[in-house]
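Accompanying notes for the structure given below.
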Amino acid sequence: KYRYSMMSLKEMGYLGVGAGEYEGALALGKVEGEWAANFPQPAVLIGNLQEPDNFPFLKALETQTVPGVNLKVGVTSIVGHSVTEHIKDPAVKFKGSADALREQLKKMQEEKVELPVLLYHGLATPRKSDGLKEAIRCAETFPQFPVIVCLSEEDEPPGHPIVVDNE
């Protein structure tokens, strides 16, 4: 199922995808072996891995200049605290989201990214911590990301985005 989902995303031209609760349940080594080691796109992104050398085919950041408009897009992904606390694989450790985001933003600036995008993976259900609230806190703290995509409790995404006023 995972491989076919990734093949579909590749056909649709996705630049990158994040890893979250479901991929953590599969074990990141399996995700890496199933897709990331064999196909460059979509890249499997985790920007807050503490020891990324343990997973050489996972990336922290992917960039691409959009054909026809010459806009450089950068995508990174963060696994939020509400998900990291449920990942049982001892080889998978995460650094703090704020430090990781500062690091990824610095890399995006160096690569002259014009549109930074954050994929935020928190829990979509109101268990112990609410992933949506975590994503909103990220938007408040890091206004450099004009687009943050996160899971929703609903099957269909909302018709209008949540706008965070940082002024």
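The values are calculated or read from the model by the stated rules, or taken from the named source; none is laboratory data. No experiment lies behind these values; they were computed from the predicted model shown. No Cβ is skipped: glycine too gets one built from the backbone with ideal geometry, and neighbour counts run over all protein chains shown. To get the accessible areas, we keep the full protein, side chains included, count just its heavy atoms, and leave off ligands, DNA and RNA. Shrake-Rupley method; radii C 1.70, N 1.55, O 1.52, S 1.80 Å.
Taking the listed residues N54, N70, the one that is among the polar types (S, T, N, Q) and surrounded by 14 or more Cβ atoms within 10 Å (Cβ to Cβ) is N54, with no other qualifying.
Within the range 15-24, the set of residues being assigned to a helix (DSSP H, G or I) and within 21 Å of A100 (Cα to Cα) comprises E21, E23, G24.
Based on what the data block shows, is L49 in contact with a Lys or Arg (Cβ under 6 Å, 6 or more places away or on another chain) and open to solvent by less than 40 Å² (accessible area, probe 1.4 Å)? Step through it out loud before you land on a result.
Values: in contact with a Lys or Arg (Cβ under 6 Å, 6 or more places away or on another chain): no; open to solvent by less than 40 Å² (accessible area, probe 1.4 Å): yes.
Judged against the criteria, L49 is not a match.
The set of residues in the range 54-76 that are touching a residue at least 12 places away in the same chain (Cβ under 8 Å) and touching a Lys or Arg at 6+ places or on another chain (Cβ under 9 Å) comprises N54, A60, L61, T63, Q64, K72, G74, T76.
Scan the range 79-96 and tell me whether some residue there is in a loop (DSSP other than H, G, I, E, B), open to solvent by less than 20 Å² (accessible area, probe 1.4 Å), touching a residue at least 60 places away in the same chain (Cβ under 8 Å) and in contact with a helix residue (DSSP H, G or I) (Cβ under 7 Å, 6 or more places away or on another chain).
Among the residues of the range 79-96, at least one is in a loop (DSSP other than H, G, I, E, B), open to solvent by less than 20 Å² (accessible area, probe 1.4 Å), touching a residue at least 60 places away in the same chain (Cβ under 8 Å) and in contact with a helix residue (DSSP H, G or I) (Cβ under 7 Å, 6 or more places away or on another chain), which makes the answer yes.
Listed residues A43, A27; which is in contact (Cβ under 8 Å) with a residue 60 or more places away in the chain, closer than 25 Å to A98 by Cα and small (G, A, S)?
Numbers: A43 fails: in contact (Cβ under 8 Å) with a residue 60 or more places away in the chain.
Just a single option satisfies the conditions, and that option is A27.
Within the range 98-105, is there a residue that is in a strand (DSSP E or B), at pLDDT below 95 and either of a type outside the set (A, V, I, L, M) or open to solvent by less than 50 Å² (accessible area, probe 1.4 Å) (or both)? Checking the range 98-105: not a single residue is in a strand (DSSP E or B), at pLDDT below 95 and either of a type outside the set (A, V, I, L, M) or open to solvent by less than 50 Å² (accessible area, probe 1.4 Å) (or both). Inspect the range 84-91 for any residue being of a type in the set (V, I, T) and under 23 Å from Q144 (Cα atoms) and give the result as yes or no. No - not one qualifying residue is present in the range 84-91. Candidates L151, L115: the one that is within 14 Å of the chain's Cα centre (by Cα) and not polar (S, T, N, Q) is L151.
Contact map, the range 143-167: first residue open to solvent by 100 Å² or more (accessible area, probe 1.4 Å), second residue part of a loop (DSSP other than H, G, I, E, B), Cβ cut-off under 6 Å, separation 6 or more or different chains; pairs are E153/A124.
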